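J.: Let me begin by handing over the structure; questions about it come next.
The numbers here are math on the coordinates, done by the rules we state, and not lab data. No experiment lies behind these values; they were computed from the predicted model shown. Heads up, the Cβs are rebuilt from the backbone with ideal geometry, glycines too, and the neighbour counts pull from every protein chain shown.
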Amino acid sequence: MSALSLRSYGGSRGSSSMSLGGGYQSRIASRAPSVYGGAGGQCVRVSYASGTRSGFDLSSALGGDNGSYGCNAVSVSEKATMQNLNDRLATYLEKVRSLETANAQLERQIREWYEKKKPVISDYSKYDATLADLRRKISAATLSNASIILQIDNAKLAAEDFKVKFESELIMRQSVEADIAGLRKIEGLKEELVYLKKNHAEEIAALRAHLSTSSVNVEVDAAPQQDMARMMEEIRTQYEGITEKNRRDMESWYKDKFDELNKVVASSTETLQTSRSEINELKRTMQALQIDLQSQLSLKAAMEGQLNETESRYSMQLNQLQGMVNSLEEELGRMKTDIERQAGEYRMLLDIKTRLEMEIAEYRRLLDGEDVGRTVITKKVETVQVQKLPVVTKRVRTVIEEMVDGKVVSRTEDVDMEVPQN
């Protein structure tokens, strides 16, 4: 980007200003008639300097930088030169219009390309309900698995308790069986006692019969003896009473003991049967829970596999879309660069057009007899932007030249460095 400032001094007219497109500005200040090129200010000498030239200027159109003209400066050659300038202006205007048309066509093509190349994004919202349902099922299966594991642990604890109860009942049963065996042994001893009593009674009866039938007369000259039969009868009666009393006591004790043991055995047997049925029921429940757990684990594994597959598919599609977005961004960057380049060319042509219009206007004023002596001050600004990752440096170079009669009387140059903020 460059800027041009013109300052001129002429006759007694008031000062006037003119704006130049694209950063150029001209200021014309009038002063007393110039003595250059003739008296009375009827002829002029024009000096023009700029950072960039459009291929021609007024000095070349008027025949040089240092030429002097008389009062009759307007001639046929000058009219031809003006016609040539008009033709060149028309050519440049036509070129500007053609570039504007091409720019509009390029913008339309860019919009059409964007419309055609717009990425087609598939609608995966229809899978959201399925994914949400699968997630809910997985959560429910997880909770169900935790509940089943808790039930299995409770069943194991209950089985351990029943096992302890079974062992204690088994020990009690073994004790009762040992008591029953002792009672049976007592019954055998009682039967043996009855058999021995019976044999003893038979022997006594036989002995009595033998004594009653025998007739032995023994005369002993001694003191009278006691009656042996009576003594034997007393002894027998006494022993029979003792035996009968012992038998009744024994029978009563063993009967009470046997009844008590029968009650214990009956209650133990009932408890054992109940424990066995509960153990069997718990075993069946545990097997059913294990089967249910295996089915839930299989369902969980299947759902996790589906979820992983869905996530991998979505990740692949996301990578593809990201690649498309990156390619579109690169294409957009290239297009922006191209548009900026064409905009720069357009601005350059617009600057040339503006300078041509100003030169024609100035030339017309000269032809109309505006005699001025002019001092030209040229200001040229050059902007260079250097981009080195990761720092972008911008350098602005400003050159100001003051020219009088085609001679540079002063020159000022300034260079600024700045880093643009992102």
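J.: In the structure shown, do any of LYS163/LYS190; LYS163/LYS255; LYS165/LYS190; LYS197/LYS257; LYS79/LYS353 have a Cα-Cα gap over 32 Å, and if so which?
T.: On the way: LYS163/LYS190 40 Å; LYS163/LYS255 34 Å; LYS165/LYS190 37 Å; LYS197/LYS257 25 Å; LYS79/LYS353 21 Å.
Long pairs (Cα-Cα over 32 Å): LYS163/LYS190; LYS163/LYS255; LYS165/LYS190.
J.: Residue separation times 0.36 nm, minus the C-alpha to C-alpha distance between MET324 and LEU299: what's the value?
T.: Numbers: separation 25, 0.36 × 25 = 9.00 nm, distance 3.74 nm.
Contour length minus the Cα-Cα distance gives 5.3 nm.
J.: Right, something else. Which FRET efficiency, nearest 0.05, do SER267 and GLU309 yield, Cβ-Cβ r, R0 60 Å?
T.: Values: r = 62 Å, r/R0 = 1.04.
Efficiency, rounded to the nearest 0.05: 0.45.
J.: Could you put ARG108, ARG276 in order, starting from the residue whose Cβ has the fewest other Cβ atoms within 10 Å?
T.: Lowest to highest Cβ neighbour count: ARG108, ARG276.
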